[in-house]
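Trainee: One structure, pasted below without further comment.
The values are calculated or read from the model by the stated rules, or taken from the named source; none is laboratory data. These numbers were taken from a predicted model, which means no experiment stands behind them. Neighbour counts are summed over all protein chains in view; Cβ atoms, including those assigned to glycine, are modelled from backbone coordinates with ideal geometry.
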């Protein structure tokens with residue numbers, strides 16, 4: 001399993017993805033799942049993937065080499081797209097092409113064709129946008145009302161984003177919330193783990209503001225994990241006890 005999330009706020013875009021891939025407790029590997037397509041001044045795109053590794057790698061390879069347009073007899077790459085909507089369509093086409101080639105064989109072998117992608121970034125002349133693309137090649141777009149999207153093992157990290165992320169927040173706060181969301185997922189699911197890849201893009205720069213890998217033992221992320229755990233314990237302790245058990249003596253009180 002994996003966990004990837006994208007947060008799109010007024011100040012920019014944050015995308016993060018873990019790198020853990022496992023086929024059992026004794027077969028754990030590291031693979032990059034956040035891919036960056038960048039031509040400074042023209043476009044900067046982040047593509048995060050979740051699902052069957054062979055399918056996601058095939059889709060990424062097609063996007064680099066070119067997705068076939070059989071009607072026109074041409075191949076199209078992400079760098080040729082004039083809008084983010086066209087880029088999302090191209091990713092969807094790449095998924096469908098891989099399905100046409102491998103879908104039936106995978107089904108015969110009882111292997112699910114289960115993939116999803118987050119595509120975020122900016123192309124010259126257009127705004128920053130963020131899309132979630134499904135295994136059928138269809139997609140939805142992030143909005144100001146819900147300024148984040150997730151794929152993979154998303155349920156553990158979603159409550160943090162639901163409570164913390166708003167469209168008007170600063171980009172540094174969006175990154176911090178995303179990392180806390182990742183930490184919450186890692187705490188609850190062994191299928192998600194370090195290293196973590198991070199991409200930050202700010203509006204109209206048309207380049208990556210930050211492209212960074214958080215390795216095990218990285219000081220800031222370690223400190224964030226410890227502080228978040230301590231803050232949760234302190235918040236729990238500061239909330240008054242439920243009034244419904246006022247006549248029940250605790251074990252500690254009984255021993256005294």
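Trainee: Among the residues in segment 29-38, are any within 15 Å of the chain's Cα centre (by Cα), surrounded by fewer than 19 Cβ atoms within 10 Å (Cβ to Cβ), under 22 Å from residue 179 (Cβ atoms) and at pLDDT below 95?
Mentor: Scanning segment 29-38, I find at least one residue that is within 15 Å of the chain's Cα centre (by Cα), surrounded by fewer than 19 Cβ atoms within 10 Å (Cβ to Cβ), under 22 Å from residue 179 (Cβ atoms) and at pLDDT below 95, so the answer is yes.
Trainee: Of all residues in segment 142-156, count the ones that are under 26 Å from residue 43 (Cα atoms) and either out of contact with any strand residue (DSSP E or B) (no Cβ under 8 Å at 6 or more places or on another chain) or free of Cβ contacts under 8 Å to residues at least 24 places away in the same chain (or both).
Mentor: Count: 4.
Trainee: Being in contact with a strand residue (DSSP E or B) (Cβ under 7 Å, 6 or more places away or on another chain) and either modelled with pLDDT of 95 or more or at positive phi (or both) is true for just one of 60, 9. Which residue is that?
Mentor: Details: 9 fails: in contact with a strand residue (DSSP E or B) (Cβ under 7 Å, 6 or more places away or on another chain).
When all the criteria are applied, what remains is 60.
Trainee: Taking into account only those residues within segment 157-172 that are surrounded by fewer than 19 Cβ atoms within 10 Å (Cβ to Cβ) and free of Cβ contacts under 8 Å to residues at least 40 places away in the same chain, which is nearest to the chain's Cα centre (by Cα)?
Mentor: Checked segment 157-172; the qualifying residue nearest to the chain's Cα centre (by Cα) is 158.
Trainee: Could you go through segment 89-104 and let me know if any residue there is part of a strand (DSSP E or B), under 17 Å from residue 151 (Cβ atoms) and touching a residue at least 24 places away in the same chain (Cβ under 8 Å).
Mentor: No: zero hits.
Trainee: Can you tell me which residues in segment 177-192 are more than 13 Å from the chain's Cα centre (by Cα) and either surrounded by fewer than 17 Cβ atoms within 10 Å (Cβ to Cβ) or over 15 Å from residue 229 (Cβ atoms) (or both)?
Mentor: 187, 188, 189, 190, 191
Trainee: When you scan segment 41-54, do you find a residue that is in a helix (DSSP H, G or I) and either buried (at least 16 other Cβ atoms within 10 Å of the Cβ) or touching a helix residue (DSSP H, G or I) at 6+ places or on another chain (Cβ under 7 Å) (or both), even just one?
Mentor: Scanning segment 41-54, I find at least one residue that is in a helix (DSSP H, G or I) and either buried (at least 16 other Cβ atoms within 10 Å of the Cβ) or touching a helix residue (DSSP H, G or I) at 6+ places or on another chain (Cβ under 7 Å) (or both), so the answer is yes.
Trainee: If residue 74 satisfies every condition in (1) modelled with pLDDT under 95; (2) farther than 22 Å from residue 43 by Cα but one, which is the exception?
Mentor: Of the numbered conditions (1) modelled with pLDDT under 95; (2) farther than 22 Å from residue 43 by Cα, the odd one out for residue 74 is (2).
Trainee: So, one more: Tell me, please, whether a residue that is crowded, with 19+ Cβ neighbours inside 10 Å, on the phi > 0 side of the Ramachandran plot and within 17 Å of the chain's Cα centre (by Cα) can be found in segment 139-148. Explain how you work it out, then say what you get.
Mentor: Quick first cut of segment 139-148, residues crowded, with 19+ Cβ neighbours inside 10 Å only: 139, 142, 147-148.
Remaining after also requiring on the phi > 0 side of the Ramachandran plot: none.
Among the residues of segment 139-148, not one is crowded, with 19+ Cβ neighbours inside 10 Å, on the phi > 0 side of the Ramachandran plot and within 17 Å of the chain's Cα centre (by Cα), which makes the answer no.
Trainee: Next question, about the same structure. Are there any helices (runs of 4 or more DSSP H) wholly within segment 138-256 with 1 or more residues that are in contact with a helix residue (DSSP H, G or I) (Cβ under 6 Å, 6 or more places away or on another chain), more than 30 Å from residue 127 (Cβ to Cβ) and modelled with pLDDT under 95, and if so which?
Mentor: Helices (runs of 4 or more DSSP H) meeting the threshold: none at all.
Trainee: On to the next question. Collect the residues in segment 129-138 that are more than 16 Å from the chain's Cα centre (by Cα) and at negative phi, keeping them in residue-number order.
Mentor: 136, 138
Trainee: Residues of segment 105-114 being exposed (fewer than 11 other Cβ atoms within 10 Å of the Cβ) and more than 19 Å from residue 1 (Cβ to Cβ), which ones?
Mentor: Within segment 105-114, 105, 108, 109 meet the criteria.
Trainee: Among (1) at pLDDT 95 or above; (2) in a helix (DSSP H, G or I); (3) over 22 Å from the mean Cα position of the chain (by Cα), where does residue 125 come up short?
Mentor: (2)
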